[in-house]
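Below is one structure, written out as structure tokens; the observations come after it.
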Amino acid sequence: MTARVLAREIGRRFADVASLNATLHWSQAVLDREAARLDVTPEGPLTGMAIAVKDNIVTTDEPTTCASRILTGYTSPFEATVITRLRAAGAMVAGKANLDEFAMGSSTEHSAFGRVLHPLDPTRVPGGSSGGSAVLVATGVVPAALGSETGGSVRQPAAFCGIVGVKPSYGRVSRFGLVAFGSSLDCISVFGKTVQDAARVLAAMSGVDPRDATSRAEPPMAVPATRSDLKGVVIGIPREYFPADLDPAIRASCERAITTLRDLGATIREVSLPHTRYAVPTYYIVNPAEAAANLARFDGVRYGPRHVGPGADVRALYQATRGEGFGPEVRRRILVGTFVLSAGYADQYYVRAQAVRTLIADDFTRVFADGVDLLFTPTTPTAAFKAGEKTADPVQMYQADIFVAPASLAGVPAMSLPIGRDQGLPLGGQLIARDFDEATMLAVAEVLERHVDATAEVRA
Amino acid sequence: MTWETVIGLEIHVQPATRTKMFCGCATSYGDAPNTNVCPVCLGLPGALPVPNAEAVRLGTLGALALGCAIRERSIFARKNYFYPDLPKGYQISQFDKPLAEDGVVRIESPERGPIDISITRLHLEEDAGKSLHDRLPGLTAVDLNRAGTPLAEIVSGPDMRSPGEARAYLTTVRQLLIYAGVSECSMEKGSLRVDANLSVRRPGDPLGTKTEVKNMNSFANVERALEAERERQIAMLERGEAVTQVTLTFNAATGEVKPLRSKENSHDYRYFPDPDLPPLVLDEAWIAAQRAALPELPAARRARYQNVLGLPEYDARTLIQEPQVATYFEAVVQAGADPKTASNWVLGEAMGAWNETGAFSVAPERLAALVASVADGTVSLQAAKRIFPELATSEELPRAIADRLGLVQVRDTGALEGWVADVIAAHPDEVARFRGGDARLIGFFVGQVMKRSMGKADPKRIQPILAARLAE
Amino acid sequence: MRIGEAEVRHVARLAELAVAEADVPLLAIQLEGIVEFVAQLGEVPLPASTGTVAVGPAQLTLREDVIDPIPLVRGPESIAPVFIDGFFVVPKLGGMVDE
């Protein structure tokens, strides 16, 4: 297929799924321009692949809004490193995907431009915050899409939508051009229809970037070779991820996957990560604290729409621009983040959370040092939930991150892949690897993907 | 009973880097507004800071010059507050783990003689942009060219006891930083700024409530402002009022300090480590190499001028004030001039051009050649002073200029005899008085001979001839 | 930890975020719920010294001091809400801070 034909085809598919509200910006003209550019780009590892991009990654030819009114109409005057790298690898950058405002959420209900619908059941959420990217891959519009993870924002929607979602190690992929949310947690991540597609995209965009001081000077990631079995691989099953009250379908899907892993030759070993239950509260201190500072730059002075309230002075400008520009969840996080850093409370909350965070990271270090190659867990506590089900209670929404937050806090790579269905809704299994060992994780995932029937109902 | 004044200073200096602290934009001064800007210093969504190695090196050199211990692991933090010229809504600054701590600077107190002032810390941070309030009526115009410029903030202990000591401390710190090559330290160009904290107390009492004084645009004004603030506080206390913590600005025109309205959100900066920036780790070997690379500092240089070159204390002290002056002086000596003579020339004739332009107009080798022609009697000192400006504008050697201007000293006895005879003939009254015992008139006759010779006669040779003829 | 309405107003002011008076009570309840939830970290026994945060490089890589700004494909005038004579323009500072 020529690039021009592909551009037309992608345009048709965007139009077909318009009702799901997964895309914030796309135009045939921009797709055609991408195609023209590809015509003169040398063949690369991603030639012929169209990739949608979460709308919190800056591009220069489409707006970047972070699904927030505070960036309505903003088009970045510079481009993210990952975009430059994907284009150089021959990929077609195709459309900007909907998200929870500033990536804050687990359901993509918190977009200023309307919620994203689950492709299999429009009354349900696709997960979040990278819900738009997940839906574009799940519906076959594109074979791969970029999302961003701060605390599970790719793995969780991948599980809900029945696709592969990979969060690399913190520092594996440059954050330059990713609109910062929780800077010590943020990772540009990938959705793929298959493990192979996700791995190819990740390999093409990984590697140290002189523009991001938190990117790491490790050799770029390669697409792992396909293996036929899992002999010699030790897979840990952390008991904290299988509490007594775990949803029976989730438990059944995991047990089936674990059996498959064992049948393929892997050694299965129960392990313990004792600080797991503190991950979500830790996350909800560290993340809002960083977010409150990261979102201070949206002040109506240099870019974005401006509102000026009564008094007509600079404070009136700040208060009104930010008051009108940010939606409810963003406002909550800014307030919480400001509170946990404010005088008199910082030690009790922020400083303590950072200390607990190191304990959570130590848990992982310990099991991986103990001969475990990978951890296998459920990705989510439930299948896709109903829209509106958790929006009233922020803490309940935060608990949806319970199995994904720990790897984010520890910075280690983790991914979700489909392992079965419950009443038609996809369920995801999570693999967590040691720092910078995406290769083992992806190779094992690829074997599991071939041997698990992800469309089979797990409850007979 | 007397009052004791307690002063501490915060000095911000701009390390002399080509680019900003966290991005590759130029740090030029005076360009069109918002032209030296990029995604990083504009605080655009998605941009990230990457620190400048040269700013770290210069900060380290400065800290070493101030006797500080360098931290092997320092942390950049975010200082959160809103201001239109602060693009990110926070300033990246080192907070509880600064680059350097625990330094000491010896100063010459006008009241107490040599004293040590402690340096609490030196940390690196980024500057804000510039807000112009008078550019557009009723509006504030924001220029972000300066945003992100590196700064080293130097915080002293509360060790100064008078405005004069504050000024002496500033002078010393500035000198050290210029010597170490850290910064130009120009208040006019904004590469050095000072904020002062001042309190008063009865001697022996605990520290009083301090106020902060800002907006002082010269060292002299720092002294004036602190004097005004000291008077204000003492007057309050003597009226039985309490001093309140406040920030004041100095008005150089009226000599008064005026309290600013206090910010409503005062001082809850919510510092936390910047997650975009891993720890700054400097290894011991690197720090040692910087220490070794530190140029000779003013105190050492002054001692050498006195002890090795034999200069009087005044000369040594004056020459080291500005490192360029000292460097120039050394080049003149290097080119062969006697140190004391070189010092006289550098602090004399050569200072005119320096004071006007900040540069020396005559190459050191040429000044040394001029000094040599005085020493060997080719020209008189007076003639040399006439030759000096010519050295700046022409390429000729001093001897050639002396020839061209007819300033080579006449030592030919025949010519000298002629001028002496003329002078004696022209002043019979003075000759009579001299012969009558008024010996002081010898100076008059020498002057007359010099005049008649148009300054060319060698005065050392006139005197014996005059003495002989007058004695006849 | 109780979060009162005064606390919400104070924090909103620090964050320069207009909050409608009508929203304050609900926000106070929600913030209190969140803060109560995260406060369970108080029960975690901490070792005498914990390591520093485990993510990212162990130390900074610095940038050479070379003029090399990241280019803007469009100038600041194209993104600014108000831009006059080369300046970003905002209202007077007013009660916020001193001019």
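So which residues in segment A:443-457 are among the β-branched types (Val, Ile, Thr) and touching a helix residue (DSSP H, G or I) at 6+ places or on another chain (Cβ under 9 Å), if there are any at all?
If the condition is that a residue be among the β-branched types (Val, Ile, Thr) and touching a helix residue (DSSP H, G or I) at 6+ places or on another chain (Cβ under 9 Å), then A:444, A:447, A:452 are the ones that fit.
Residue-wise test of (1) over 22 Å from residue A:212 (Cα atoms); (2) within 14 Å of chain C (Cβ to nearest Cβ); (3) in contact with a Gly (Cβ under 7 Å, 6 or more places away or on another chain).
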position	(1), (2), (3)
A:49	yes, no, no
A:61	yes, yes, no
A:64	no, yes, no
A:67	yes, no, no
A:81	no, yes, yes
A:94	yes, no, no
A:104	yes, yes, no
A:108	yes, no, yes
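How about segment A:265-293: which of its residues are more than 7 Å from every other protein chain (Cβ to nearest Cβ) and among the acidic types (Asp, Glu)?
A:270 - this is the single residue of segment A:265-293 that is more than 7 Å from every other protein chain (Cβ to nearest Cβ) and among the acidic types (Asp, Glu).
How many residues are crowded, with 18+ Cβ neighbours inside 10 Å, part of a helix (DSSP H, G or I) and small (Gly, Ala, Ser) when one looks only at segment B:370-397?
Looking only at that region, the number is 3.
Rundown of residues vs (1) in contact (Cβ under 8 Å) with a residue 24 or more places away in the chain; (2) in a loop (DSSP other than H, G, I, E, B); (3) in contact with a Pro (Cβ under 8 Å, 6 or more places away or on another chain); (4) charged (D, E, K, R), yes/no style:
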position	(1), (2), (3), (4)
B:166	yes, no, no, no
B:169	yes, no, no, no
B:176	yes, no, yes, no
B:182	yes, yes, yes, no
B:186	no, yes, no, no
B:198	yes, no, no, no
B:203	yes, yes, no, no
B:212	yes, no, no, yes
B:220	yes, no, no, no
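Right, residue A:332: modelled with pLDDT of 95 or more and surrounded by fewer than 23 Cβ atoms within 10 Å (Cβ to Cβ) or not?
no
Restricting to segment B:338-359, name every residue that is surrounded by 17 or more Cβ atoms within 10 Å (Cβ to Cβ), small (Gly, Ala, Ser) and within 17 Å of residue B:387 (Cα to Cα).
Selection gives B:342, B:350.
Please state which one of C:58, C:48 is closer than 30 Å to residue B:124 by Cβ, out of contact with any Leu (no Cβ under 6 Å at 6 or more places or on another chain) and in a loop (DSSP other than H, G, I, E, B).
Residue meeting the stated conditions: C:58.
Kindly provide the set of residues from segment A:186-208 that are in a loop (DSSP other than H, G, I, E, B) and buried (at least 24 other Cβ atoms within 10 Å of the Cβ), ordered by number.
A:186
Those residues that are farther than 12 Å from residue C:41 by Cβ, more than 7 Å from chain C (Cβ to nearest Cβ) and crowded, with 22+ Cβ neighbours inside 10 Å, I need them from segment A:337-362; list them, please.
Hits for segment A:337-362 are A:337, A:341.
Please return the ranges of helices (runs of 4 or more DSSP H) entirely within segment B:425-472 where 3 or more residues are of a type in the set (Lys, Arg) and in contact (Cβ under 8 Å) with a residue 12 or more places away in the chain.
Result: B:459-470.
Tell me which of these residue A:296 doesn't satisfy, since it passes every other one: (1) within 13 Å of chain B (Cβ to nearest Cβ); (2) within 20 Å of residue A:74 (Cα to Cα); (3) in contact with a helix residue (DSSP H, G or I) (Cβ under 7 Å, 6 or more places away or on another chain).
Of the numbered conditions (1) within 13 Å of chain B (Cβ to nearest Cβ); (2) within 20 Å of residue A:74 (Cα to Cα); (3) in contact with a helix residue (DSSP H, G or I) (Cβ under 7 Å, 6 or more places away or on another chain), the odd one out for residue A:296 is (3).
Given the conditions (1) at pLDDT 85 or above; (2) in contact with a Leu (Cβ under 9 Å, 6 or more places away or on another chain), report the number of the one that residue B:395 does not fulfil.
(2)
To keep it simple, each residue is scored yes or no on (1) facing chain C (nearest Cβ under 9 Å); (2) crowded, with 24+ Cβ neighbours inside 10 Å.
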residue: B:19; (1), (2): yes, yes
residue: B:26; (1), (2): yes, no
residue: B:37; (1), (2): yes, yes
residue: B:41; (1), (2): yes, yes
residue: B:45; (1), (2): no, yes
residue: B:52; (1), (2): yes, yes
residue: B:57; (1), (2): yes, no
residue: B:60; (1), (2): no, yes
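Looking at segment A:33-57 only, could you name the residues that are part of a helix (DSSP H, G or I), more than 17 Å from residue A:204 (Cβ to Cβ) and either polar (S, T, N, Q) or at pLDDT 95 or above (or both)?
If the condition is that a residue be part of a helix (DSSP H, G or I), more than 17 Å from residue A:204 (Cβ to Cβ) and either polar (S, T, N, Q) or at pLDDT 95 or above (or both), then A:33, A:35, A:36 are the ones that fit.
Return the only residue of A:411, A:428, A:388, A:371 being crowded, with 21+ Cβ neighbours inside 10 Å, on the phi > 0 side of the Ramachandran plot and in contact (Cβ under 8 Å) with a residue 12 or more places away in the chain.
A:411
All but one of (1) of a type outside the set (Val, Ile, Thr); (2) in contact with a Lys or Arg (Cβ under 8 Å, 6 or more places away or on another chain); (3) assigned to a loop (DSSP other than H, G, I, E, B) hold for residue A:324; which doesn't?
So the condition that residue A:324 fails would be (3).
Spot the failing condition for residue A:192; the list is (1) free of Cβ contacts under 8 Å to residues at least 60 places away in the same chain; (2) closer than 29 Å to residue B:88 by Cβ; (3) more than 10 Å from every other protein chain (Cβ to nearest Cβ), and only one is missed.
Of the numbered conditions (1) free of Cβ contacts under 8 Å to residues at least 60 places away in the same chain; (2) closer than 29 Å to residue B:88 by Cβ; (3) more than 10 Å from every other protein chain (Cβ to nearest Cβ), the odd one out for residue A:192 is (2).
Taking segment A:381-398 as the search range and keeping residues that are in contact with a Ser or Thr (Cβ under 9 Å, 6 or more places away or on another chain) and either in a helix (DSSP H, G or I) or within 12 Å of chain C (Cβ to nearest Cβ) (or both), which one is farthest from residue A:243 (Cα to Cα)?
A:391
The values are calculated or read from the model by the stated rules, or taken from the named source; none is laboratory data. Keep in mind that this is a model prediction, so the values were computed, not measured. Ideal geometry is used to build each Cβ from the backbone, glycine not excepted, and the neighbour counts take in all protein chains shown.
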